[in-house]
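Note sheet for the following structure.
We did not get these values from a lab; they are worked out from the coordinates using the rules stated. Small disclaimer: the values here were computed from a predicted structure and weren't measured. Don't worry about glycine lacking a Cβ; one is built from the backbone with ideal geometry, like all the others, and counts go over all protein chains shown.
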Amino acid sequence: MASSNTQLSQTEQNFILAGCRENCRTDGRARDEFRSYTIVTGEATTKEDSTSHRYQQPHQPLVLSNGSARLFSSTTACNASTHILCSVKADVVHPAPLEPACGVVELHVHTDTLTANKNSRRQQDAWTAALQQLLVHDVCDRHALCIVSGHYVWRLSVDLYFLQDAAGSLLDAASHVVRAALANTFLPSISTVATTVQKDSITAISGVTSSTSDSSNKQDAAATVDLVVDGDMAQARPPAGVDQAPCIVTVTVLKCPVTGKLQAAESVLIVDADVVEEACAFCSVHVAVDTTSQTVCALRKTGRGALPVALLPEITATALQVAAKASQYYQRKSPDATSQPASGRLLQEQFAMQ
């Protein structure tokens, strides 16, 4: 899913397509290889409070969020870079009437509002719709977010900020940074206490509510539920099921001309396409894969071409094969790592001022 309309000449397209057909892409990768990314996440640091009790407090890139992570990469071959920031905020809300025992997970994508135009807002909405379809339902165990069925549940608001998106395959990178941010979101332990409130008996007659009182002034007891939040952060835990959050693998279908045959094309599949390869794509299929059980959670097709049904088994098999080794291309670092690029350190210091 390209973020911008990249214009290539026919000669450039033929050169890129021929390289992909020969399993030698412009940046030196094979057809089933990912690019290398760096994910900066929170790191639990041991601190001591005023009562001399030691506890674990997560150190987050965004201090005003319950959990956060950021992903950045730099591809010098095509002078392209990707920088995504993810923020997770948790609060207690009432559940939806149709799902009284399920928590709420909301996901929104944000881009640079200073340069936003009609086309970029349309692309932003497309990214949000795609991630909601591919990730939201399986990103964590929504039933485990229920505190009191029908009364209180956790709501996780996931905000993705695409600070730089010139390298392509943003949905793949977004799935990894969302999973890292949720894994570093620590929800405190909440217990319930049942209480009773005395009130005058209320009688409704013909749609008119009136209070009735007799000589003994009888009162009815109404049961309520109070929440008690555990202030010990050592007992806080990430949302259940985050370790099984799906990984998005974008399989791009290229129509490569066959040498010696006029008007004949061969379908070639590549993963993690860059922006110039996306410009040559016939269509793309975003596959959400559960790496724990090696199952496909969701599919979404984008692009101008019609997907041949005969290619679907090969596309899903490719996604399952490369998803198992996707994590080795992502390097995790703590926010205090000094080996980050200068731009990354500067951005982190600006957010640390919050």
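For the stretch 21-29, take each phi angle, set θ = phi - 60°, evaluate the Karplus expression 6.51 cos²θ - 1.76 cosθ + 1.60, and give the result in whole Hz per residue in order, putting x for glycine and proline.
Residue by residue, the stretch 21-29 yields 5, 8, 6, 9, 7, 5, 9, x, 7 Hz.
Using the 10 angstrom Cβ neighbour count as an exposure proxy, how do 283, 24 rank, fewest first?
24, 283
Using a cut-off of 9 Å between beta-carbons, work out the net charge of the residues near residue 153 (Lys and Arg +1, Asp and Glu -1, residue 153 not included).
+1
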